[in-house]
Structure formats: structure tokens, C-alpha cells
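The values are calculated or read from the model by the stated rules, or taken from the named source; none is laboratory data. The shown structure was predicted, so the numbers you read here are calculated from the model rather than taken from an experiment. Every residue, glycine among them, receives a Cβ derived from its backbone with ideal geometry; neighbour counts consider all protein chains shown. Surface accessibility is based on the protein's heavy atoms, side chains included, excluding ligands, DNA and RNA. Shrake-Rupley method; radii C 1.70, N 1.55, O 1.52, S 1.80 Å.
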Amino acid sequence: MRLVWLSTAILLALGPVSAAARPWKGVTPGVTAQAEVVGKFGEPTARTRRGARTVLAYYGDQALEGTKQAQFHLDPAGTVQEITIFLTVPLDADTIEGTYGKPTQKTFVEDTFQKVWLYPAQGVTVYFAKDGSVEALSFAAGRQKAAPASAKPAAAETATTR
């Protein structure tokens, strides 16, 4: 999957951090340290470098409840900057709108044309599967404004090496 790099590219394009991040399972982007993640969930299935970031991935037998995979993206100081989760039970668009409201911005994955909804102020990015169900969610520190319409996402892939 290419969602990790896509979410990173979209979130980097959104501008400086300016709002509180949504926590997920007690982990808050911009606040929680690597040691807290490992203490809470154990050693990850894989640790991968993505540019300056380290990604801790939990999948397979170590997948966290409700996910096929959970990824914690750490900055060089070891602080979680983003969380990406791949859902075991897909959600629908109505559920997302009921939780986060209407998306501030809608875009798509360039090479697959799968839709992506952005909630920049909340730091939430929603990735849809080809069948229209929600495949993955990404949580990062919120932003004041949406990405410019011309922002092009980069390709992404899942963490698979230790």
C-alpha cells in the first residue's frame, strides 16, 4: 500500500501545526514518545525508516484491536507525529461524516483514483477503498488551513521490515 507516504505528503503540505491532535488509543501526535508507544503496545512487528522519520508498525499477530495494521510515525527526537491505522472492519462515508462532519477538502490518490477526505483542523485524513468503504485513517496534529488544491500526494507503502 502507498498510504503511508501519501498521508505524510498530504500532511506536510498542510502547513505548520496549529491545533491539538486527536489521540488514538491513548497516543497523541506531537506529544507521545516512542517509549510510551512501546510500553503500551510492546515491541513493534517492524521498524522502518521513512526519510527522517522512524515508523513503528504493528500487524499480523501484533495488530492492535480493530486494525489490520497500525503505524506510529516518529520524528528524529522520538515523538509520535502521525498515526495511520488500517481498519479490520471498514467504515462508510456516513459514519465518517457523523464523526468529523463534512470534509474540508476532498482529493484522490493519483495512481488509483481512490478518494481521500481531509480534515486539516482536526489532523484527520480518511482513505477510501475502491468499493467506497473507509480503508484507513491517519491522525496528526491539526492544521489551521487546508492544503492548496494543487498539492499532489506522493506514493506510499506500508512498513514491512524490522
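What is the residue count in segment 17-58 for residues that are of a type in the set (A, V, I, L, M) and in contact with a Pro (Cβ under 6 Å, 6 or more places away or on another chain)? Full working, then the answer.
Applying the first criterion (of a type in the set (A, V, I, L, M)) to segment 17-58 yields 17, 19-21, 27, 31, 33, 35, 37-38, 46, 52, 55-57.
Then keep just the ones that are in contact with a Pro (Cβ under 6 Å, 6 or more places away or on another chain); that gives 21, 52, 56-57.
Matching residues across segment 17-58 total 4.
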Worksheet item: Are any of the residues in segment 5-17 in contact with a Leu (Cβ under 8 Å, 6 or more places away or on another chain) and either at pLDDT 75 or above or in a helix (DSSP H, G or I) (or both)?
Response: yes
Practice prompt. Residues being touching a residue at least 24 places away in the same chain (Cβ under 8 Å), among the hydrophobic types (A, V, I, L, M, F, W, C) and assigned to a strand (DSSP E or B): count how many of those fall in segment 93-116.
Written response: 1
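Just to check your reading of the model, which residue among E157, E135 is open to solvent by 30 Å² or more (accessible area, probe 1.4 Å), closer than 24 Å to A46 by Cα, outside any loop (DSSP other than H, G, I, E, B) and modelled with pLDDT under 95?
Exactly one of E157, E135 is open to solvent by 30 Å² or more (accessible area, probe 1.4 Å), closer than 24 Å to A46 by Cα, outside any loop (DSSP other than H, G, I, E, B) and modelled with pLDDT under 95, namely E135.
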Worksheet item: Which one is surrounded by the fewest Cβ atoms within 10 Å (Cβ to Cβ), of the residues in segment 87-106 that are of a type in the set (V, I, T) and within 15 Å of L137 (Cβ to Cβ)?
Response: V89
